[in-house]
Amino acid sequence: MIGLKINNIPVYVKEGSTLLEAARSIGIKIPTLCHLKGISELGACRVCVVEVKGMNTLVAACEYPVREGMEVFTNTPRVLNSRKTTIELILSDHRKDCLSCERNTNCELQRLSHKYDCDSHRFEGTPREFVYDDSTDYLIRDNSKCILCRRCIAVCRRQQGVGVIGANERGFATHVACPFDMKLVNTPCVGCGQCINVCPTGALQEKEEITRVQEALANPHKYVVVGYAPSVRAALAEAFDMPVGTNCQGKINTALRYLGFNKVFDVNASADFTIMEEAHELVERITRGGKLPMFTSCCPGWINYIRKNHPELLDNLSSCKSPQQMFGALVKHIFGKIEGIAPEDLFVVTVMPCTAKKGEKHRTFTDKYADVDAVITTRELSSMCKENGILLNELPDSEPDNPFGEYSGAGMIFGATGGVMEAALRTAASILDPDARFVPLEFAEVRGLAGVKSASYNIGGRTVNVAVVNGLNNVDEICSAVKRGESDYQFIEVMTCPGGCVMGGGQPIRATIVKHKTEIAAARAGVLYAADKSMYMRRSHDNHSLVKLYADYIGEPCGEEAHRLLHTRYQALPKYIKE
Amino acid sequence: MKGSTLPFDGTPEQEQALRLKLRELKTKEGALMPAMQFAQGLYGYLPYEVQSIIADELGVTLSEVYGVATFYSQFSLYPKGKYRIGICLGTACYVNGSQAIYDRLRQILGIDSGECTEDRLFSLDATRCVGCCGMAPVMTVNDDVYGRIKPDDVEKILDKYRRA
């Protein structure tokens, strides 16, 4: 232990701790802007400066290690004045359209500026041209609000292992952009949106689709159907000041009806269809000597990644569409048939915890119709509710509509890392061993937040080796092993975002302080696992509505009609496209 | 997209030499800078194609390579011309009107500092002091030095090289 004094208060902390951590341990919060524990530790913004007795200059608390006998002061006039000036300098060339900014009231720069009583016009910065990139379907970069904290670079490169942005040039010309200032759409960006979730300001945001949804809702000739993903219910409540880990699915159903959607469905139901198809495909590959290991295909970030980085492995991908795309196909071609509504009159909206889903919506078509018409994120749903005066906290609960309102616990856990694997195993085990008296329901080994989880199960006399990749940064090693023929897995789940969809790039943006003190991933996943445990139906093939729809409209899983509606193919894509 | 729009004319021999060197450097700590210096020595500049090879062989992202390439002034994204023009914007030359000469050069050649003309005849660099302030303002073309020049002299000087 190291003993030091902070503001004359004795503190004892582990060797190697930073001054920031030491101060935090006694309840003193030193402000930060560029710091993101474990991901971005640069000491670049100088907002966290403190005074150390005997040192001439102020030091960055986020980086500076504790030393025995140190005397540190976190709030002297010199410190406060330095922080204030730093923030005012950052504000000097910041586009200050705060009133209409997406991040108004949820902006770290705004909070600090307010806290330190800054004059946002004290310095007038030299006007210059800023990168504005709206080339993709899912993301907008507006560097006129970028403060060069480099958190997005760190999260893209280190957390996600993608690395399509960096700090280009130097001095005043320094800016965050793609190499050669290419447009994002021409790079191997996977669309995960993790950069948005760590941006302290409004420089990064999703490409909004609220306008298109509202237009469809106002169009009397359109029948507008909505479905929301498992993870949305585990996080939307946070945008309405409810605690992390609050399940608000009943209120979401009501809110979506209040917004005017003709039908409110649950994507948990189409996740059950995904499992039916994926589990049958897996069993078929195992029993008939198909290409193994089979990779899951629900995560659009992973699909983008494999198409650009490991095209040799495309045959290993499950041919199943994602739950979102299956949802669209089922609504347009089965629900439409039941209700007598033509596919062109149906407008399918999904609410997703994910920005890559926006890019996915037009990737698959059934007949000539795009499966999904518009995708809004959990954040956008919260904005829509707020704009329409819908007080989520006060809404009564209600149930989703049928036939996609009934679902199993297996569909529910899709949102957590390992969830798709576990859901598929529940059904695959029943197919491989139909006579078993005891079929396991919980596969604890594939749960949790480790980067790679692997397990071996004996199912119907067969050993099935599985792996769950939690975060793209862990996937290259497994892909290389598969290419070398050294992998003995049969089934591998890959999720782009650490924690799975509950931690997707479309979820409510939390302040750094919340991220540092709350286990958000575990709390949100807890919502899904608790809901699963409380359910009577926990296996996808037990879903009555699903069984009936298969019998009446689809036929056999992985059959001809199932392939037409619920499966797809993948093409390789170039990593970069030179402009 | 930033960088040279001239067609890349690297040879297979150059690429082989670069890849060999990169595989040797890869095992060492801090390989990126020496790798880029070697590549620039080989090609004269660091276009997209060359930076992609470096990223690929060293297992770093293209954005890391590009970040370093645009941070240090020793690296260039543009090829150098047969005739490398330098115009001094150091203090003595600047107060004697070198900015006007620089502007005239940019206007005639249609390129900015660091760039190269499409026929690869001329490249232009705004430089710091070249060490002969007594002749300010100073312009250099390869090893030739032109002192006390006026904007109207520029066309005449360029012509000499065009005819050469």
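The values are calculated or read from the model by the stated rules, or taken from the named source; none is laboratory data. What you see is a predicted model; the values in this text were computed from it and never measured. Neighbour counts are summed over all protein chains in view; Cβ atoms, including those assigned to glycine, are modelled from backbone coordinates with ideal geometry. Protein only, heavy atoms only, side chains kept; ligands, DNA and RNA dropped before computing areas. Shrake-Rupley method; radii C 1.70, N 1.55, O 1.52, S 1.80 Å.
Answer rounded, prolate or oblate for the stretch A:499-579, using the Cα gyration tensor with square roots of eigenvalues a ≥ b ≥ c: rounded when a/c is under 1.5, else prolate when a/b is larger than b/c, else oblate. Oblate is the answer for the stretch A:499-579, as a/c is 1.5 or above yet b/c matches or exceeds a/b. Other residues with beta-carbon under 11 Å from the beta-carbon of A:E278 carry, at +1 per Lys or Arg and -1 per Asp or Glu, a net charge of -3. Relative to one another, the C-alpha centroids of the stretch A:4-25 and the stretch A:297-327 are positioned 47 Å apart. Angle of helix A:475-484 to the longest C-alpha principal axis of chain A, folded into 0 to 90 degrees and rounded to 10: 50°. Strictly greater than 13 Å: what percent of every Cα pair in the stretch A:358-413 meets that? When all Cα pairs of the stretch A:358-413 are counted, 76 percent exceed 13 Å.
The slack between A:I577 and A:T126, meaning 0.36 nm per residue of separation minus the straight C-alpha distance, is 159.0 nm.
Residues within the reach of a label modelled at A:T518 (point 7 angstrom out along Cα to beta-carbon, backbone nitrogen below 17 Å), restricted to the stretch A:233-277, are A:233-249.
For the stretch A:1-154, what are the per-bin percents of Cα-Cα distances with bins 5 Å wide, up to the bin holding the maximum? With a bin width of 5 Å, the distribution comes to 2, 9, 16, 19, 18, 14, 10, 6, 4, 2, 0.
Using a Gaussian network model of chain B whose springs link C-alpha atoms within less than 10 Å, name the residue from B:E13, B:E64, B:E49 with the highest mean-square fluctuation. Sorting by GNM fluctuation, first place goes to B:E13. Overall, the ratio between the Cα radius of gyration of the stretch A:324-373 and 2.2 N^0.38 Å, rounded to two decimals, is 1.09.
Working out 0.36 nm times the residue gap between A:E169 and A:T287, then minus their Cα-Cα distance, what length gain in nm do you get to one decimal? Working shown, then result.
On the way: separation 118, 0.36 × 118 = 42.48 nm, distance 5.55 nm.
Gain in length upon complete extension: 36.9 nm.
Can you bin the stretch A:81-134 into rounded, prolate or oblate? Criterion: square roots of the alpha carbon gyration tensor eigenvalues sorted a ≥ b ≥ c, rounded for a/c under 1.5, prolate for a/b above b/c, oblate for the rest. Judged from the Cα gyration tensor, the stretch A:81-134 comes out oblate (a/c at least 1.5, b/c at or above a/b). Note: relative contact order over the stretch A:2-91, using C-alpha pairs below 8 Å and six or more positions apart, is 34 percent.
GNM, chain B, Cα, under 10 Å: largest mean-square fluctuation among B:Q51, B:Q107, B:Q40? Top of the fluctuation ranking is B:Q107.
Interface residues of the stretch A:161-186, defined as a loss of at least 40 Å² in heavy-atom accessible area between the chain alone and the complex of all protein chains with a 1.4 Å probe, are A:E169, A:R170, A:P179, A:F180. Using R0 = 56 Å, the C-beta based FRET efficiency linking A:N75 and B:C132 works out to 0.50. The long axis of helix A:300-309 is offset from the longest Cα principal axis of chain A by roughly 80 degrees. Between the stretch B:4-76 and the stretch A:485-528, the C-alpha centres lie 36 angstrom from each other.
Look at the alpha carbon pairs under 8 Å that are at least 6 residues apart: their mean separation over the length of chain B gives a relative contact order of 19 percent. Each semi-axis of the equivalent ellipsoid for chain B is √(5λ) with λ an eigenvalue of the Cα gyration tensor; in descending order they amount to 34, 17, 13 Å.
Where nothing but the Cβ of Lys and Arg (+1) and of Asp and Glu (-1) is charged, how large is the charge dipole of the protein assembly as shown around its Cα centre, in debye to the nearest 20? Spell out each step's value before the answer.
Details: 86 positive and 89 negative charges, 363 e Å.
That gives a dipole near 1740 debye.
In plain terms, if you count all Cα to Cα distances in the stretch A:246-347 and split them into 5 Å steps from zero, the share in each step is 2, 11, 16, 16, 17, 14, 11, 8, 4, 1, 0 percent. Counting only cysteine Cβ atoms and a cutoff under 4.7 Å, chain B contains unmatched residues B:C116, B:C129, B:C132, B:C133.
Give me the compactness ratio for the stretch B:12-71, meaning the Cα radius of gyration over 2.2 N^0.38 Å.
0.97
In terms of overall dimensions, the protein assembly as shown has a Cα radius of gyration and Dmax of 29.6, 99 angstrom.
Residue separation of A:F365 and A:K96 scaled by 0.36 nm, minus their Cα-Cα distance, works out to 92.7 nm of gained length. Tell me, what ³J(HN,Hα) does each residue in the stretch A:564-572 have, in order and in whole Hz, if you take phi through Karplus 6.51 cos²θ - 1.76 cosθ + 1.60 with θ = phi - 60° and put x for Gly and Pro? After applying 6.51 cos²θ - 1.76 cosθ + 1.60, I find 5, 8, 10, 10, 8, 10, 10, 10, 5 Hz. Helical content alone sets the calculated 222 nm signal of chain A at -8500 deg cm²/dmol, taking -39,500 (n - 2.57) per DSSP H segment of four or more residues and averaging over every residue.
With the cut-off at under 11 Å, measuring from each backbone N in the stretch B:80-96 to a point 7 Å along the Cα-to-Cβ line of B:L121 picks out B:82-83.
Greater than 27 Å separation of Cα atoms is the criterion. Which listed pairs, A:K251/A:K533; A:K5/A:K84; A:K115/A:K358; A:K14/A:K515, meet it? Don't skip to the end; give the middle numbers.
On the way: A:K251/A:K533 20 Å; A:K5/A:K84 24 Å; A:K115/A:K358 36 Å; A:K14/A:K515 22 Å.
In this structure, A:K115/A:K358 lie more than 27 Å apart at Cα.
With θ taken as phi - 60° and the Karplus curve 6.51 cos²θ - 1.76 cosθ + 1.60 applied, the whole-hertz 3J(HN,Hα) list for the stretch A:272-279 is 4, 5, 4, 5, 4, 6, 5, 5 Hz, x standing for glycine and proline.
In debye, nearest 20, what is the charge dipole magnitude of the stretch B:83-163 about its Cα centre with +1 on Lys and Arg Cβ and -1 on Asp and Glu Cβ, if you could check?
Details: 11 positive and 12 negative charges, 41 e Å.
The calculation lands at about 200 debye.
Rounded to the nearest Hz, the phi-derived 3J(HN,Hα) couplings of the stretch B:22-35 under the Karplus curve 6.51 cos²θ - 1.76 cosθ + 1.60 (θ = phi - 60°) are 5, 5, 6, 6, 3, 6, 8, 5, x, 6, 5, 4, x, 4, where x marks glycine and proline. With contacts defined as alpha carbon pairs under 8 Å and 6 or more residues apart, what's the relative contact order of chain A in percent? Answer for chain A is 16 percent.
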